[in-house]
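Heads up: the structure comes next, in structure tokens.
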Amino acid sequence: MPTVMVFAPVPQLTVTIEQQPGDRPELHVHPGGQGVWQARMCAGLGASVTLCAAVGGEIGAVAAALMNSENMTVRTVQRQSGTGWYVHDRRDGSRDTVAEFAGDPLGRHDLDELYSTTLAEGLRADISILSGPAAPEVVPAEVYRRLAADLGTHGRTVVADLSGDHLTSVLDGGVAFLKISHEELIDAGRAADDSDEALVAAARGLHEDGAGSVLISRADRPGIALLDGEALLVDLPALQVVEHRGAGDSMTAGAATVLARGGDLKEAVRTGAAAGALNVTRHGLGTGRHDAIVELADRVRLTPVAAG
């Protein structure tokens with residue numbers, strides 16, 4: 001069984017209100033955040049997952065209990081301040097934010113304990129996924145550089161799904177596989193637009209800056225992958241969308257799980273694309289049946305990007 005460590009420094013408690021037939025509201029309470037959603041998908045694809053996180057306060061106690069009820073091993077560090085949360089209302093079909101709190105910035109002692117825990121688990125795992133916080137100020141970007149560098153120095157494979165200063169930092173440390181959205185590249189000034197030419201150039205720039213391979217998601221258009229220097233279009237027939245959130249996290253998790261069990265880069269990209277596509281058909285984030293993802297992965301087309 002492949003082993004995956006997910007660095008989810010500041011998970012959140014998520015509360016969602018939905019409307020059921022008969023005018024009856026329904027409340028859903030889950031642990032969430034990028035790392036939790038990635039870990040959930042990795043576990044669903046058959047990996048043995050260890051999630052490393054810092055939690056604190058009453059909200060943190062609830063989030064930790066819920067994470068421990070899922071199909072993963074959870075290594076938590078008790079932080080001095082409270083865990084983040086959000087409340088979303090979906091009763092009218094759209095997602096409206098009632099209130100949210102990203103969480104307090106991690107203190108120095110919290111970071112030291114979490115770093116040690118994460119490094120130990122990452123050294124044991126086949127793959128380490130470095131996920132980001134709900135708000136950039138909650139976790140210092142430098143932590144990602146250090147983790148990527150320390151794990152890479154000891155021969156571990158690092159996958160990252162980050163943006164902004166956290167992206168710059170993890171590239172400085174070196175990362176084997178990077179997943180990023182075209183919106184994040186444009187926002188960072190790394191791509192002028194969402195054209196094939198602009199995104200391929202951005203992928204090559206990311207490779208020069210420290211990413212071994214790059215996978216760029218592009219909403220409802222084919223993604224872009226840069227694998228062993230070859231630029232490819234990643235195309236999968238669209239599915240009906242129920243919830244678009246979490247698709248990118250499922251894509252990262254699908255690719256990481258394949259790499260953890262020794263699969264090649266193209267299989268990893270196909271599986272990641274299939275996991276992301278299936279996630280949009282479901283309300284649960286980071287979810288999807290393994291057999292459906294396998295079937296969809298066979299339908300993902302990888303074609304060379306035409307020279308511009």
With r defined as the distance between the Cβ atoms of ALA192 and GLN19 and R0 fixed at 35 Å, what FRET efficiency is calculated, to the nearest 0.05? 0.25
For the range 1-144, build the convex hull from the C-alpha positions and give me its volume per residue in Å³. 111
Principal axes first, then extents: for the Cα atoms of the range 97-172, list largest minus smallest coordinate on each axis, whole Å, largest first. 43, 25, 19
Diffusion coefficient, µm² s⁻¹, Stokes-Einstein with Kirkwood Rh over alpha-carbon pairs of the chain at 37 °C and 0.692 mPa s: 170
Please compute the modelled spin-label separation between ASP220 and ASP112, points set 7 Å along Cα→Cβ, answer in nm with one decimal. 5.2
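Say R0 is 45 Å: what FRET efficiency, to the nearest 0.05, do MET1 and ALA135 get from their beta-carbon distance?
0.85
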What does the highest-first list of 153-160, 7-14, 211-218, 167-174 look like by mean Cβ count within 10 Å? 7-14, 211-218, 167-174, 153-160
Percent relative contact order of the chain, based on C-alpha pairs within less than 8 angstrom and at least six residues apart? 17
Where both partners of a DSSP beta bridge lie in the chain, what percent of those bridges are antiparallel, to the nearest 5? 45
Which values, in whole Å and largest first, are the semi-axes of the equivalent ellipsoid of the range 128-202 obtained as the square root of 5 times each eigenvalue of the Cα gyration tensor? 23, 15, 9
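Bear in mind these aren't lab numbers, they're just calculated from the coordinates by the rules spelled out. In this text the structure is predicted, and so the values were computed from the model without any measurement. Methodologically, a virtual Cβ is constructed for each residue, glycine included, from the backbone with ideal geometry; neighbour enumeration extends over all protein chains shown.
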